[in-house]
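> Below you will find the structure I want to go over with you.
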Amino acid sequence: AQSVTQLGSHVSVSEGALVLLRCNYSSSVPPYLFWYVQYPNQGLQLLLKYTSAATLVKGINGFEAEFKKSETSFHLTKPSAHMSDAAEYFCAVSDQGNFNKFYFGSGTKLNVKP
Amino acid sequence: GAGVSQSPSNKVTEKGKDVELRCDPISGHTALYWYRQRLGQGLEFLIYFQGNSAPDKSGLPSDRFSAERTGESVSTLTIQRTQQEDSAVYLCASSVTGASYEQYFGPGTRLTVT
């Protein structure tokens with residue numbers, strides 16, 4: 001079975017600083033990869049997804065992620081953090097051809113300091 | 001428009017009781033997923049429904065767990081003889097088809113077993 005590792009359950013950055021949230025997956029075959037965000041008291045919503053097209057994927061709210069097969073990583077970045085980015089972020093994978101199942105990481109809570 | 005809704009939002013029950021959790025997917029969404037999220041952990045896949053096909057029940061942790069869905073409408077997740085380890089947030093998600101990848105999540109039901 002797939003597994004997803006998110007390094008750092010809590011990340012704190014200053015407003016305007018770079019945001020980097022790490023995600024590594026275990027599959028030897030490149031899966032489909034996703035980042036979801038959960039704002040306080042809201043459901044998860046899709047930020048961006050990688051499905052075998054361009055390795056650099058742009059999502060909503062200025063976030064992007066790069067698929068690196070050699071590193072089995074799909075780290076999420078944003079050049080300049082905004083207070084409204086404070087939320088919990090989840091990385092997820094699904095096997096190509098078996099999109100029934102999604103495997104989620106344990107999440108990273110992003111805190112943005114003024 | 002209306003998103004995925006779940007009820008109740010919170011449920012406290014005594015060990016050994018049965019509970020039923022409800023999910024109303026977005027109208028027209030043929031695929032429906034249930035996940036469990038224990039405190040500090042990622043989302044754990046439970047079950048997947050796609051139209052009238054047989055559901056993928058491979059994530060259900062024990063025979064105390066069951067779920068039903070009638071057509072492409074409401075789904076209920078039932079946990080019989082609840083145990084303290086069942087305490088978690090139960091999330092429901094729906095998507096247009098199983099292949100669309102983008103899942104729309106409900107706000108979850110927080111279940112506490114005392």
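> Taking N as the number of residues in chain A, what is its Cα Rg relative to 2.2 N^0.38 Å?
In units of the 2.2 N^0.38 Å rule of thumb, it is 1.01.
> With a 10 Å Cβ neighbour count serving as the proxy for reagent exposure, in which order, fewest first, do B:Arg69, A:Arg22 appear? Spell out each step's value before the answer.
On the way: B:Arg69 20, A:Arg22 17.
In increasing order of surrounding Cβ atoms, one gets A:Arg22, B:Arg69.
> Starting from 0 in steps of 10 Å, tell me what percent of the Cα-Cα pairs of segment A:46-104 lands in each bin.
Calculated over all Cα pairs of segment A:46-104, the distribution is 19, 52, 25, 3 percent.
> What is the Cα coordinate range of segment B:1-109 on the first, second and third principal axes, sorted by size from largest, in whole angstrom?
37, 28, 24
> I've got another one for you. Quick check on the protein assembly as shown: what does the Kirkwood estimate of hydrodynamic radius come out to from the alpha carbon pairs, in Å?
One decimal place: 18.1 Å for the Kirkwood radius.
> Right, here's the next one. Hey, what did chain B get for relative contact order, percent, Cα under 8 Å, at least 6 apart? Could the numbers behind the result be given before it?
Working: 280 pairs, mean separation 43.4, N = 114.
Relative CO of chain B lands at 38 percent.
> Taking other Cβ within 10 Å of each residue's Cβ, how do B:Glu85, A:Glu66 sort, fewest first?
Taking fewest neighbouring Cβ atoms as first place, the list is B:Glu85, A:Glu66.
Read the figures in this text as sums done on the coordinates, not as results from a lab. A quick note: this is a predicted structure, and the numbers were derived from the prediction, not measured. FYI the Cβ positions are ideal-geometry reconstructions off the backbone, even for glycines, and counts take in every protein chain you see.
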